[in-house]
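Structure, as structure tokens:
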Amino acid sequence: MGEGVIVTDKNNNIIMINKQTEIFLNKKSEELLGKRTDEIYDVEDEFEKKLENSEKPLQKTLLAGKKISGKYYCLHNDRKIPVFVNATPVICESEIIGAILLFRDISRENEIDRAKTEFVSLASHQLRTPLSIINWYSEALTQNQNNFSKEQKNYMKKICNANQRMINLVKSLLNTSRLEMNTFSIKNKEIDLVKIARNTLEEVAELCSVQNISIEEKFSSETIRLKGDPQLLTIILHNLLTNAIKYSKRDGKIILEIFEQKTDIIIDVIDQGIGIPEKQKKEIFTRFFRANNAKEKDAEGTGLGLYIIKTTVEKLGGKITFDSKEKKGTTFSVILPKNGTLEKESAKKLI
């Protein structure tokens, strides 16, 4: 199918469509002209969350006066079809007089992506058992190496480190596939975020000591409560902190701020590390992407950490932003709703 085209006036009334739109919606133009788009179809975001009218791409374009693009789901006649959308305002003499929506059916691309994701999930799952066995035996040997020569001890250390890197890669691949296939559970219970944060800080303490990095706590209260999934929040905090540690300079400092607003909780992780190059900022949350300076500092990264953080935050109904200057440092800010999100049951969970 080619691209569908819908043209509306400033009130979101349809004034023109093309033949591909007629085929897609299974309606003649005479049935659609003059109607508002929200009378004809509903829209879900890429995570299959139903959008309010003001959040739909055409309406956002008319309200904000700027181009909106991305993946959405169109709900029409009991069908849910994945589409890629470009919505552009029509502006005349500084006034928004309408909008143009271009869209295309991406069902085939979705099927291919899902097949690739399922393969990665299966392969990663099969790798977990042999890697775990190697880990158990190498740890056992490490604890009983009195009779080892200096060279043999060095070999054991390299085996343990290499195996741990493989375990971390497999975990990242499994989490990525579960996020993309939406096959993981989400709990929504009342938790203390300060307690989770301090537990996470204990987990990363050894990594900090290697580079002599200090982490300063700045919490608005000794107890900060919200509804959420403790495991997913731990993953978000752990990935943000390890990312900051990894790309900080030796003897550096990181600040972890957590504070409350009326309806949200804000988490800021501030580092004085290598920063993100200006030209690569727009790609920083892309799967497998790593900035050039990150590759130079650490050749072993997967490029999945920030993708996992962003996707997990959005699954919890939040959003993540960042501010960064190369060679100066980066601040990642996570905004989470206090009331959490809908629970979702699944036999699988993120690890």
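The values are calculated or read from the model by the stated rules, or taken from the named source; none is laboratory data. These figures come from a predicted structure and were not determined experimentally. So basically every Cβ, Gly included, is an ideal-geometry build from the backbone, and we count neighbours across all protein chains shown.
A few points about this structure:
- If you filter segment 255-311 down to residues that are of a type in the set (F, W, Y) and part of a loop (DSSP other than H, G, I, E, B), you find that the one that is modelled with the lowest pLDDT is F288.
- Applying the condition of being surrounded by 13 or more Cβ atoms within 10 Å (Cβ to Cβ), of a type outside the set (A, V, I, L, M, F, W, C) and farther than 28 Å from S94 by Cα to segment 4-30 and asking which residue is farthest from the chain's Cα centre (by Cα) yields S29.
- Matching option when the condition is assigned by TED's automatic domain parsing to the domain that holds V170 and within 30 Å of N175 (Cβ to Cβ), among K71, K50, K116, K80: K116
- Top-ranked residue of segment 83-122 - restricted to ones that are among the small types (G, A, S) and free of Cβ contacts under 8 Å to residues at least 40 places away in the same chain, ranked as farthest from V43 (Cα to Cα): S94
- Leading residue by the ranking (surrounded by the fewest Cβ atoms within 10 Å (Cβ to Cβ)) among those in segment 54-82 that are touching a residue at least 24 places away in the same chain (Cβ under 8 Å), farther than 17 Å from T8 by Cα and not hydrophobic (A, V, I, L, M, F, W, C): N77
- For beta carbons closer than 6 Å, sequence separation of 6+ or different chains, a first residue in segment 257-286 that is in contact (Cβ under 8 Å) with a residue 40 or more places away in the chain and a second that is of a type in the set (F, W, Y), the qualifying pairs are I258/F219; I266/F259; V269/F332; G273/Y247; I274/Y247.
- Count of residues meeting criterion [surrounded by 14 or more Cβ atoms within 10 Å (Cβ to Cβ) and over 30 Å from K19 (Cα atoms)] in segment 92-124: 5
- Cross-chain or 6+ apart pairs with Cβ under 7 Å, segment 225-252 first and outside the structural domain of K328 (by TED's automatic domain parsing), then of a type in the set (S, T, Y): none
- The criterion of at least 1 residues that are modelled with pLDDT of 90 or more and of a type in the set (S, T, Y) is met by the following helices (runs of 4 or more DSSP H) wholly inside segment 1-116: 19-25, 57-64.
- Of all residues in segment 285-335 being within 17 Å of I266 (Cα to Cα) and among the small types (G, A, S), the one that is farthest from the chain's Cα centre (by Cα): S333
- Residue in segment 160-181 that is nearest to the chain's Cα centre (by Cα), counting only those that are surrounded by 18 or more Cβ atoms within 10 Å (Cβ to Cβ) and basic (K, R): R178
- Test: residue in segment 316-323 that is at pLDDT below 90 and either closer than 19 Å to N175 by Cβ or not small (G, A, S) (or both): yes
- Near pairs, Cβ below 7 angstrom, 6+ apart or cross-chain, from segment 153-169 (touching a residue at least 40 places away in the same chain (Cβ under 8 Å)) to any residue that is among the acidic types (D, E): R165/E300
- Hey, Q231 under 25 Å from the mean Cα position of the chain (by Cα), closer than 22 Å to F47 by Cβ and of a type in the set (S, T, N, Q) or not: yes
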